1. Has the stretch 76-85 got any residue that is among the small types (Gly, Ala, Ser) and either modelled with pLDDT under 95 or surrounded by fewer than 24 Cβ atoms within 10 Å (Cβ to Cβ) (or both)?
2. Of all residues in the stretch 146-160, count the ones that are crowded, with 21+ Cβ neighbours inside 10 Å and at pLDDT 90 or above.
3. Could we say that ILE356 is closer than 21 Å to ALA296 by Cα, of a type in the set (A, V, I, L, M), surrounded by 24 or more Cβ atoms within 10 Å (Cβ to Cβ) and out of contact with any Cys (no Cβ under 8 Å at 6 or more places or on another chain) here?
4. Quick one: which strands (runs of 3 or more DSSP E) sit completely within the stretch 184-226 and have at least 3 residues that are among the polar types (S, T, N, Q)?
5. Give the stretch 129-167 a look and list any residue that's out of contact with any strand residue (DSSP E or B) (no Cβ under 8 Å at 6 or more places or on another chain) and in contact (Cβ under 8 Å) with a residue 12 or more places away in the chain, or say none.
6. Filter the stretch 370-386 down to the residues that are of a type outside the set (Lys, Arg) and buried (at least 21 other Cβ atoms within 10 Å of the Cβ) and list them by number.
7. Only one of PHE163, PHE123 is of a type in the set (A, V, I, L, M, F, W, C) and surrounded by fewer than 21 Cβ atoms within 10 Å (Cβ to Cβ). Can you tell me which?
8. Consider the stretch 182-234. How many of its residues are within 22 Å of ALA256 (Cα to Cα), among the hydroxyl-bearing types (Ser, Thr, Tyr) and loosely packed, with under 15 Cβ neighbours inside 10 Å?
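The values are calculated or read from the model by the stated rules, or taken from the named source; none is laboratory data. Note that the structure is a prediction, hence the values are computed from the model and not measured. Because the Cβ atoms are built from the backbone with ideal geometry, glycine has one as well, and the counts that use them run over all protein chains shown.
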Amino acid sequence: MRKLITATALFSLAGISFATNGDNLIGVSPASRGMGGIGVGMPVGPTDSIFRNPAWMSQYKGFNLSFGGIIFMPEVKAKSNVTPMGPMNPPASGKSKADLFVVPEVGIVHQINDKITFGIGAFGVSGMGVDYRNQDQRLANMHTTFQFMRVIPTLSYKINDAFSVAGAIHLAYGSLDMGANMCIPGNPPTCWNAGGGQSQTYGIGAQIGLAYNMGDFVFAGLTYQSPVKMTYKRVFDSDGNGVFEDLKLTQPLELAFGLGVKPMNNLKVGMDLRWINWKNADGYKHFQWKDQWVMALGGEYKPTPKLALRAGYNYGKSPIRGGAKNPMNTNRIPSFSAPFSDFNIAWFNLIGFPAITEQHITLGLGYEFTKTFSVDVAYKHAFKKTVRATDPSGAFQVEASNAQNALSLGLNWKF
């Protein structure tokens with residue numbers, strides 16, 4: 001039971017995820033987000049190209065600048081019947097009070113000459129928090145904040161009118177603060193706040209991209225994004241001995257392929273497929289995350305030369321499945337000292353790490369006010385998804401649900 005109650009402390013990992021495609025945003029710019037997050041297989045805008053497939057930067061001439069952000073509004077709820085004294089039914093229900101986040105973005109794409117284009121962007125790509133303070137003890141009084149940003153300098157090279165290649169460096173910054181009550185069973189139980197305060201860390205990764213444009217009619221793209229190793233120092237005291245332990249998390253390898261077609265000058269549609277290798281990434285594999293295939297579909301129609309209307313759909317099966325087959329404490333979380341059972345893992349995943357949304361619909365529009373200035377906006381809705389888990393005895397249970405709304409705004413200049 002101590003290991004089970006100890007696992008409640010790990011719920012604090014919840015702050016690490018937007019819970020869209022795992023802990024990845026479906027897209028960073030409003031143009032991409034309005035079309036379901038596409039951008040690998042066809043160009044959707046200079047800013048999103050930096051992040052999604054930098055080889056498409058070769059399609060944009062002159063100097064392009066944009067900045068904006070996302071207002072992210074999750075609705076996260078949890079249920080649990082776990083206490084230090086055993087199951088307490090009916091389960092406690094709670095709603096996270098952390099329900100509004102602002103995510104920034106800025107990007108520059110500059111054509112150096114007919115062959116080479118330089119880009120640099122800074123994007124908040126993950127970041128969330130959950131807040132169950134002053135609620136039932138079965139929710140561990142857990143509260144977290146997390147920020148994850150990538151700064152991406154990149155170069156693209158236009159081989160010919162059809163083919164472009166690109167390489168990018170991903171400079172990552174992460175900040176994590178997590179707090180939760182941990183308890184040792186007793187009468188009364190001994191409890192402590194295991195949070196070690198805010199921890200900041202850095203990482204580095206790489207990306208390569210390929211782009212094919214056949215006469216501005218058929219498009220194709222391919223990207224590889226390397227893992228980014230991150231270690232958050234002294235963030236958690238899992239056994240109550242006063243020593244705060246490190247937490248290792250690696251943002252996983254990604255491979256993506258996309259296709260697009262532009263049958264008319266005012267209409268384009270595209271589809272991307274992305275594979276995210278969660279189960280081989282440090283941390284996530286120990287949380288029993290599954291690999292994820294993400295499909296994005298989107299299109300843009302321009303009824304007038306200045307107005308663009310966009311819509312899209314995004315689906316990725318949840319990497320968290322809620323399985324809890326092994327009752328033994330055989331799972332280890334690096335670099336925590338205590339092992340945990342499958343139900344321990346499912347419990348902190350679902351209450352503290354609810355990256356379970358699967359289906360998203362998106363709408364967007366863009367308007368060119370002048371030849372040099374335009375505005376993009378987008379709306380995303382993630383449908384409610386609920387996942388449940390019970391321990392092998394059937395006595396303990398946990399449940400999480402997650403639904404989301406988000407608004408995006410981007411201001412764009414080109415010279």
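1. Step one: filter the stretch 76-85 for residues among the small types (Gly, Ala, Ser), giving 78, 80.
From what is left, the residues that are either modelled with pLDDT under 95 or surrounded by fewer than 24 Cβ atoms within 10 Å (Cβ to Cβ) (or both) are 78, 80.
Yes; the residues of the stretch 76-85 include at least one that is among the small types (Gly, Ala, Ser) and either modelled with pLDDT under 95 or surrounded by fewer than 24 Cβ atoms within 10 Å (Cβ to Cβ) (or both).
2. Of the residues in the stretch 146-160, 5 are crowded, with 21+ Cβ neighbours inside 10 Å and at pLDDT 90 or above.
3. Numbers: closer than 21 Å to ALA296 by Cα: yes; of a type in the set (A, V, I, L, M): yes; surrounded by 24 or more Cβ atoms within 10 Å (Cβ to Cβ): yes; out of contact with any Cys (no Cβ under 8 Å at 6 or more places or on another chain): yes.
For ILE356, the condition - closer than 21 Å to ALA296 by Cα, of a type in the set (A, V, I, L, M), surrounded by 24 or more Cβ atoms within 10 Å (Cβ to Cβ) and out of contact with any Cys (no Cβ under 8 Å at 6 or more places or on another chain) - is met.
4. On the way: elements: 190-193, 199-214, 218-225.
Where strands (runs of 3 or more DSSP E) fall fully within the stretch 184-226 and carry at least 3 residues being among the polar types (S, T, N, Q), they are 199-214.
5. Our first condition is that a residue be out of contact with any strand residue (DSSP E or B) (no Cβ under 8 Å at 6 or more places or on another chain); within the stretch 129-167, this holds for 134, 160.
Once the filter is applied, which keeps residues that are out of contact with any strand residue (DSSP E or B) (no Cβ under 8 Å at 6 or more places or on another chain) and in contact (Cβ under 8 Å) with a residue 12 or more places away in the chain, the stretch 129-167 yields nothing.
6. To start, the set of residues in the stretch 370-386 that are of a type outside the set (Lys, Arg) comprises 370, 372-379, 381-383, 386.
The answer is ASP376, ALA378, ALA382.
7. On the way: PHE123 fails: surrounded by fewer than 21 Cβ atoms within 10 Å (Cβ to Cβ).
Being of a type in the set (A, V, I, L, M, F, W, C) and surrounded by fewer than 21 Cβ atoms within 10 Å (Cβ to Cβ) holds for just one of PHE163, PHE123, which is PHE163.
8. So in the stretch 182-234, the residues within 22 Å of ALA256 (Cα to Cα) come out as 203-214, 216-229.
Okay, now just the ones that are also among the hydroxyl-bearing types (Ser, Thr, Tyr), so 212, 223-224, 226.
Okay, now just the ones that are also loosely packed, with under 15 Cβ neighbours inside 10 Å, so 224.
Within the stretch 182-234, residues that are within 22 Å of ALA256 (Cα to Cα), among the hydroxyl-bearing types (Ser, Thr, Tyr) and loosely packed, with under 15 Cβ neighbours inside 10 Å number 1.
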